[in-house]
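Have a look at the structure below, then the notes.
Derivation of every value follows stated rules applied to the coordinates shown; laboratory data play no part. Predicted model, so just to flag it, every value in this text is computed and none were measured. We place every Cβ from the backbone using ideal geometry, glycine too, and count neighbours over all the protein chains shown.
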Amino acid sequence: MPLYSYLLAALAFSLLVIIHELGHFLVARAFGMRARVFSIGFGPAVFQWRPRGSETTVQVAALPILAYVNIAGMNPLEPCDPNDRGSYQNASLLARFFTIAGGPLANYLAATVIIFAVLAIAGIQRPVVGQVVAGAPAAVAGMLPGDVVLRVGPAAPSDFDELAQAINASRGQPVTLRVRRGGAEVSLRAVAHEDPTDHRFRIGIRQAPVAAAEHISLGASARNALLAPARLTIEQVEGLVRMVRGKDKLQVMGPVGIVVETARVARHGWRYGADALAIISVALFFLNLLPVPALDGGRLVFLLYEVVMRRRPNARFETTVTAIFFTLLLGLGAIVVVRDVASLAMRS
């Protein structure tokens with residue numbers, strides 16, 4: 001795969017992180033908090049700029065990937081003048097809540113915008129039948145290779161996974177499938193059979209390598225874009241629950257793995273790359289809201305403690321717990337990066 005594919009994927013992933021930090025920054029500024037630095041990348045600054053009348057230094061660092069924002073008073077142990085209105089520590093509970101939530105919400109909004117742009121330009125995708133198993137329920141119903149599946153009962157699947165989920169949801173009851181064949185629409189009726197190996201209901205079809213595109217109105221694009229991030233979030237929550245219960249294999253992918261996978265998917269076309277970025281942006285929204293110290297969700301837990309107990313948590317305890325989990329996350333991240341690099345080297 002060309003090197004520029006990986007570079008573009010890395011820049012795209014970094015952009016999502018920049019958007020995340022920009023969410024924190026914009027909300028903090030909206031509530032009058034002082035942001036000292038907004039940095040694109042880590043390490044020594046190679047370029048710095050402070051807009052006239054602004055207290056924020058914008059910089060590009062030596063390693064220009066990812067980003068961070070330094071907001072005054074974010075460290076609970078940081079000395080703070082009680083009259084300093086620009087400090088996070090002196091802001092209202094509501095202001096602090098939205099400042100922390102602003103990063104994940106920015107990623108959620110970014111996913112919505114990406115999905116809307118894809119739908120408005122390229123339309124919605126529909127699964128295409130690539131192969132029909134002889135004697136299977138689909139063959140009995142009259143389904144043919146090349147059929148574009150528009151509906152499975154009340155559901156309108158946009159990919160083969162959604163198609164499979166809708167078939168499985170029938171639990172062996174007769175289901176009506178609406179397909180486009182040539183220039184006409186055809187209704188078929190099939191009864192899915194249960195697969196004894198995994199107890200899922202299937203009708204015996206395999207997907208074609210390329211889905212079909214169906215242009216839709218801007219209104220429909222907006223409606224789909226507003227609902228899609230919520231659906232993706234639910235899917236990620238369900239996936240995490242399955243991994244915790246041991247029903248699915250534990251899968252952890254670091255920045256290297258994300259970049260490689262995004263570049264691989266984007267080879268099939270810009271739409272696939274954009275869809276991957278939307279999924280990653282939703283993942284950043286969801287994962288950052290997990291109630292783990294050192295993540296945004298952990299900070300929100302401390303704010304919830306303040307609401308319930310009507311006092312702030314001990315500053316030293318909060319800082320210590322956050323530092324411990326931050327170190328653990330860094331260690332886990334390092335292990336995942338080494339594993340992803342080794343896997344990439346083996347594939348090369």
Using a Förster distance of 22 Å, how high is the FRET efficiency between Arg245 and His193, based on the Cβ-Cβ distance and rounded to 0.05?
-> 0.25
Most mobile of Ala334, Ala283, Ala12 in a GNM of the chain (Cα contacts under 10 Å) = Ala334
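Full extension from Gln48 to Val210: what is 0.36 nm times the residue separation minus their Cα-Cα distance, to one decimal in nm? Intermediate values should be presented prior to the final figure.
On the way: separation 162, 0.36 × 162 = 58.32 nm, distance 4.61 nm.
Gain on extension, Gln48 to Val210, equals 53.7 nm.
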Thr57 and Trp270 label points (each 7 Å along its Cα→Cβ direction) are spaced in nm at 3.8 nm
Förster-model FRET efficiency, 41 Å R0, Gln236 and Ala134, C-beta, rounded to 0.05 | 0.65
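Give, rounded to the nearest 20 debye, the magnitude of the charge dipole that the chain has about its Cα centre when Lys and Arg contribute +1 at Cβ and Asp and Glu contribute -1 at Cβ. Can you show the working numbers first?
Numbers: 33 positive and 23 negative charges, 42 e Å.
Rounded to the nearest 20 debye, it is 200 debye.
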Calculate the length of the line joining the C-alpha centroid of the stretch 283-348 to that of the stretch 202-217, in whole Å.
-> 39 Å
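Note the full-extension length gain between Ala342 and Glu261 as 0.36 nm times their separation in residues minus their Cα-Cα distance, in nm to one decimal. It would help to have the intermediate numbers written out before the result.
On the way: separation 81, 0.36 × 81 = 29.16 nm, distance 1.45 nm.
Here the segment from Ala342 to Glu261 would lengthen by 27.7 nm.
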Say each of Leu227 and Ile335 gets a label point 7 Å from the Cα, pointing the same way as Cα to Cβ; how far apart are those two points in nm?
-> 4.0 nm
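Where in the chain are the DSSP H helices whose C-alpha atoms run 24 Å or more along the long axis and whose mean Kyte hydropathy is at least 1.0? Could the numbers behind the result be given before it?
Working: long enough: 3-30 (40 Å, 1.55); 93-122 (43 Å, 1.84); 218-244 (39 Å, 0.58); 270-288 (27 Å, 1.18); 315-347 (47 Å, 1.32).
Helix filter hits for the chain: 3-30, 93-122, 270-288, 315-347.
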Computed E for Arg171/Phe317 - FRET, C-beta separation, R0 45 angstrom, nearest 0.05 = 0.35
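Between the DSSP loop rule and a limit of at most 13 other Cβ atoms within 10 Å, which trypsin sites (Lys or Arg not before Pro) in the stretch 264-317 are left?
Working: sites: Arg264, Arg267, Arg271, Arg299, Arg310, Arg311, Arg316; in loops: Arg267, Arg310, Arg311.
Answer by residue number: Arg267, Arg310, Arg311.
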With springs only between Cα atoms under 10 Å apart, run a GNM on the chain and tell me which of Ile280, Ile205, Ile100 wobbles the most.
-> Ile205
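How large is the charge dipole for the stretch 191-348, taken about the Cα centre, if only the Cβ atoms of Lys, Arg (+1) and Asp, Glu (-1) carry charge, to the nearest 20 debye? Can you show the working numbers first?
Details: 19 positive and 13 negative charges, 45 e Å.
It works out to roughly 220 debye.
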